[in-house]
Amino acid sequence: MAEKSIQTDQTEVREYEVSSVAMSETILQDVRTVLEEARALITEEGKTVAIRFAYPIKKQTSGFFGFIKFSAHPETIATIEKNLRVIPQMLRFLIVTPPPARAIESDRRSAMRSPAPQKPDNPEAPALTNEALEQKIEEILK
């Protein structure tokens, strides 16, 4: 699996995405602050959306979801995770490396293509009568 990476100062900067679920609508501001403290470069920020949970999380039945895409050194991810855990309003978060854009496009294209209909080998073959079918079965069983 190929990862997007940029070579700087003898260490690699990689692309990451942090998704978070929290009790507060201002969660992305808190996540942004943690990322800026870790000197991560924020490349994209999603809108915070109110959601209802399928099951209670820390006795909460609803919350706010948001995501931020960023670039950072792999060594800083542990620090970012540690700092995200101590945010009091944070219910859940997940940091992942997103798949390359080309892989996503090819998956979509292959899912959209329908297989070509297969033509029968002999479309003009006459249908067998019951008597002819019984005769063929007897021949096979002999």
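Some points to look at:
- Selection count where residues are modelled with pLDDT of 90 or more and assigned to a loop (DSSP other than H, G, I, E, B), scope the stretch 20-33: 1
- Flag for Glu36 being free of Cβ contacts under 8 Å to residues at least 60 places away in the same chain and not in a helix (DSSP H, G or I): no
- Check on Thr79, more than 19 Å from Arg14 (Cα to Cα) and of a type in the set (S, T, N, Q): no
The values are calculated or read from the model by the stated rules, or taken from the named source; none is laboratory data. Since the structure is predicted, the reported quantities are computational estimates derived from the model, not experimental observations. Cβ: placed from backbone, ideal geometry, glycine included. Neighbour counts: every protein chain shown.
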